[in-house]
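Here the structure is laid out as structure tokens; the discussion comes afterwards.
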Protein chains: 2
Amino acid sequence: MAVTASTPEQTATTPDAGATGASDGYQTVPALDVHQVGISTPPQAHATLLGWNLNPGSGVEQLRRMMRLLSDDAVRLAAGSPALADTEEELARFPSRLTVTFGFSPQLMARLLPRQRRPRLAELPTFGQDRLQEQWGQSDVIAQVCADDPITLAHARRMLTKDARAFASIAWTQHGFRNARGTVPDGTTMRNLMGQVDGTVNPSPDDADFDGLVWSDQEGFAGGTFLVLRRIRMQMDRWDRVDRAGREATIGRRLRDGAPLTGFSEFDEPDFEATDRFGFPVIDPASHVARAHSTDPAERFLRRAYNYAVEDPDRSTGEDAGLLFLAYCADPARQFVPVQQRLDEQDRLNEWVHAIGSAVYAIPPAARPDGYVGDVLLEEV
Amino acid sequence: MAVTASTPEQTATTPDAGATGASDGYQTVPALDVHQVGISTPPQAHATLLGWNLNPGSGVEQLRRMMRLLSDDAVRLAAGSPALADTEEELARFPSRLTVTFGFSPQLMARLLPRQRRPRLAELPTFGQDRLQEQWGQSDVIAQVCADDPITLAHARRMLTKDARAFASIAWTQHGFRNARGTVPDGTTMRNLMGQVDGTVNPSPDDADFDGLVWSDQEGFAGGTFLVLRRIRMQMDRWDRVDRAGREATIGRRLRDGAPLTGFSEFDEPDFEATDRFGFPVIDPASHVARAHSTDPAERFLRRAYNYAVEDPDRSTGEDAGLLFLAYCADPARQFVPVQQRLDEQDRLNEWVHAIGSAVYAIPPAARPDGYVGDVLLEEV
């Protein structure tokens, strides 16, 4: 089932599944030769992010054992087979495009790996607009678990959590959602909970520069990538007071279809020079789209975001809702940080959104044959 | 779009939606003449249960105003239209079979309604196996909000929560899930997180006795029903220690397909007289299926359960997972309580499952023309 390195994953369906929608549960995402799945994979409906911290005193051997076990779980579950120690094997029957993607923190790698084995990955600089909460901070290890079916996802989460218990403790769990499979046509840009089309400017695996933007070519890490994860809380109650014109001016795009205020459809290029009859720019230079825009084609990254909405822990404001912003890129410092620094400096949207969690991870390439995710970094250390 | 009282809801799709799965988001559940929707409706993939307590000092007029507002929201959102005060109207575009079903507690009705207007609804008796937590207890008002799409559901939840704020405070929010639309063929009995087929014995709207089991004929409440809501926590870690034979003996059904241990397929009648070669009953008389079984056809009710899985509040045991057990019936005391009393008295499953929340609600019939849900109880008081 392996496909070549730069091809986005194809979805496979078992032959007996037929043409009806009722067999979507059999769809699988086949493994890739060089990259982990769950990155160029078209986003599934649901995501659970699991953050672990290795037990105190654990060394590279413990991490190896954990990753061998979790990698094996991931491969089996993605194929619609039970995990080795699966106690609810019937819940593995419908993989529903399940993928599990693993990553390591820079701190963990600094602790466990000799300098020459570590992929270059800096922590993010401090952003003045952030309101970080320790509970959503950096963990040693991450698993991004995605599937179109919520029961499948709950089962996979439980298997991974159980198998990791001997080695690590859960730092946090984050749940995210997009539209259910089939609600909107494939390829439709998702809307966030503010109602905005979110993620229009996003490299596609069909783009000629996709590989260069997403996959690392660092020696010993080729085919890997880096993940920037930001938990962005939206101040929904305060956003409610802004009318549609104000919202569109804040973003620089129309709510109805996501078109830039100077354009007619979602994928039109914004015209930042256009002025209205009073001579004012149609797209406010302080709008989100203007501030995020770069003339440097390298300042782009693959967004794979999910909405989140949980009950507010202190119940005072009703709910904590926003966006699990996930960006994959070959070089966060070069591609992501300049954009975020511009937004941090000025962006009308900053009045209503703040990161409450922030972390970065090295996402190793695919496991070697008969190996496990991370083997390229962890073996023979 | 109204259909006759006893007909289960049909799903309507807009004419331009075509035959592809990508337009499932346009599916709506039309209103019924006599009953609320969301009861005989084939269960959607996701449910959010909202429990409210009326503000101190509120009277029937406040409840009327709240129900007028929320009923109007429900009708509009179910049709794929924005709510009146909708600030994210684009998120209403794909109703995805959204239904909102409202109910009132016996305590609220005793407080606000004269005796002769109150439908007869007793609180549940105490069950010795329950481990009730106050945070999941009885609320004054409930809304069962269901949809196949999680973004649609999040938006509906927010609209209802905002519009209720002036009248009531949130007691709890409970999220549940079944298989995503299209994962399994329509009509497949769901599995719970223990991996069991759950809900095999369930009246179908096609059954001759469905109406009598589900819809009340109490004077002044005809076409209404009653909801028993139980939050049933599963001790998943302890359940893990039970092997498959032990699990099947506990339930009395096969894990693979839900067939009774004496049968060949899911819907075979269990044979409680059958013995094995040693003369022991094949289905343990203390098994869940044996204890739940009744020879009295009146001891049946409509189950419409959802799985739940949330992070354990104290993080010590990993997660709090189980079942949001929802049962609709014309007379809980006659239909539900005897079954639950038998299970409470003896059921091998009790070693691993306990209700941590419990509540009952009167579910009024459909709103009158130009009325609101509950009008039959609340008008002219």
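Scanning segment A:154-167 for residues that are open to solvent by 10 Å² or more (accessible area, probe 1.4 Å), more than 8 Å from chain B (Cβ to nearest Cβ) and touching a strand residue (DSSP E or B) at 6+ places or on another chain (Cβ under 7 Å) yields a single hit, A:F167. Taken over segment B:341-381, residues that are open to solvent by 40 Å² or more (accessible area, probe 1.4 Å) and under 22 Å from the mean Cα position of the chain (by Cα) amount to 2.
Just the residues that are farther than 30 Å from A:G51 by Cβ and acidic (D, E), please, taken from segment A:227-282. Residues satisfying the conditions are A:D240, A:D243, A:E248, A:D257, A:E266, A:D268, A:E269, A:D271, A:E273, A:D276. Checking the stated criteria, B:R303 turns out to be open to solvent by 20 Å² or more (accessible area, probe 1.4 Å), within 30 Å of B:T173 (Cα to Cα), away from chain A (no Cβ under 14 Å) and among the basic types (K, R). Here B:R65 clears all of (1) open to solvent by 10 Å² or more (accessible area, probe 1.4 Å); (2) over 29 Å from B:A110 (Cβ atoms); (3) at pLDDT 95 or above except the condition numbered (2).
The number of residues in segment B:25-43 being buried (at least 24 other Cβ atoms within 10 Å of the Cβ) and within 10 Å of another protein chain (Cβ to nearest Cβ) comes to 2.
Being within 24 Å of B:R238 (Cα to Cα), touching a strand residue (DSSP E or B) at 6+ places or on another chain (Cβ under 8 Å), modelled with pLDDT of 95 or more and of a type outside the set (A, V, I, L, M, F, W, C) is not true of A:D149.
Only one of the numbered conditions (1) within 8 Å of chain B (Cβ to nearest Cβ); (2) open to solvent by less than 10 Å² (accessible area, probe 1.4 Å); (3) of a type in the set (A, V, I, L, M, F, W, C) is not met by A:I142, and that is (1).
Residue-wise test of (1) at positive phi; (2) part of a loop (DSSP other than H, G, I, E, B); (3) exposed (fewer than 13 other Cβ atoms within 10 Å of the Cβ).
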{"residue": "B:F267", "(1), (2), (3)": "no, yes, yes"}
{"residue": "B:F272", "(1), (2), (3)": "no, yes, no"}
{"residue": "B:A290", "(1), (2), (3)": "no, no, no"}
{"residue": "B:L324", "(1), (2), (3)": "no, no, no"}
{"residue": "B:A333", "(1), (2), (3)": "no, no, no"}
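If you go through segment A:170-207 and keep only what is in contact (Cβ under 8 Å) with a residue 60 or more places away in the chain, open to solvent by 50 Å² or more (accessible area, probe 1.4 Å) and within 14 Å of chain B (Cβ to nearest Cβ), you end up with A:I170, A:H175, A:D186, A:G187. For B:A355, the requirement of being at pLDDT 95 or above, outside any helix (DSSP H, G or I) and in contact with an Asp or Glu (Cβ under 6 Å, 6 or more places away or on another chain) is met. The set of residues in segment A:128-156 that are in contact with a Phe, Trp or Tyr (Cβ under 7 Å, 6 or more places away or on another chain) and closer than 29 Å to B:G322 by Cβ comprises A:Q135, A:W136, A:S139, A:V141, A:I142, A:A143, A:D149, A:P150, A:I151, A:T152. Among the residues of segment B:251-262, some residue qualifies, meaning at least one is surrounded by 21 or more Cβ atoms within 10 Å (Cβ to Cβ) and out of contact with any Asp or Glu (no Cβ under 7 Å at 6 or more places or on another chain). Residues of segment A:301-311 that are closer than 18 Å to A:I251 by Cα and in a loop (DSSP other than H, G, I, E, B): A:A305 alone. The residue list B:R254, B:R238, B:R247 contains one member that is touching a Phe, Trp or Tyr at 6+ places or on another chain (Cβ under 7 Å) and within 25 Å of B:A309 (Cα to Cα), which is B:R238.
On inspection, A:A147 fails the criterion of being more than 20 Å from A:Q174 (Cα to Cα), facing chain B (nearest Cβ under 10 Å), among the aliphatic types (A, V, I, L, M) and in contact with a His (Cβ under 8 Å, 6 or more places away or on another chain).
All of (1) open to solvent by 10 Å² or more (accessible area, probe 1.4 Å); (2) more than 8 Å from chain A (Cβ to nearest Cβ); (3) over 15 Å from the mean Cα position of the chain (by Cα) hold for B:F210 with one exception: (1).
Of all residues in segment A:79-97, those satisfying the criterion of being open to solvent by less than 20 Å² (accessible area, probe 1.4 Å) and not in a loop (DSSP other than H, G, I, E, B) are A:E90, A:L91, A:A92. B:L121: more than 14 Å from chain A (Cβ to nearest Cβ), surrounded by fewer than 22 Cβ atoms within 10 Å (Cβ to Cβ) and in contact (Cβ under 8 Å) with a residue 24 or more places away in the chain, yes or no? In short, no. Check whether at least one residue in segment A:48-71 is in a loop (DSSP other than H, G, I, E, B), touching a residue at least 24 places away in the same chain (Cβ under 8 Å), farther than 23 Å from B:N192 by Cα and touching a strand residue (DSSP E or B) at 6+ places or on another chain (Cβ under 7 Å), and report yes or no. Checked segment A:48-71: at least one residue is in a loop (DSSP other than H, G, I, E, B), touching a residue at least 24 places away in the same chain (Cβ under 8 Å), farther than 23 Å from B:N192 by Cα and touching a strand residue (DSSP E or B) at 6+ places or on another chain (Cβ under 7 Å). For B:R241, the requirement of being surrounded by fewer than 20 Cβ atoms within 10 Å (Cβ to Cβ) and basic (K, R) is met.
The values are calculated or read from the model by the stated rules, or taken from the named source; none is laboratory data. What you see is a predicted model, and the numbers here were worked out from it, not measured in a lab. Because the Cβ atoms are built from the backbone with ideal geometry, glycine has one as well, and the counts that use them run over all protein chains shown. Remember, those area values only see protein heavy atoms, side chains included, never the ligands or the DNA or RNA. Shrake-Rupley method; radii C 1.70, N 1.55, O 1.52, S 1.80 Å.
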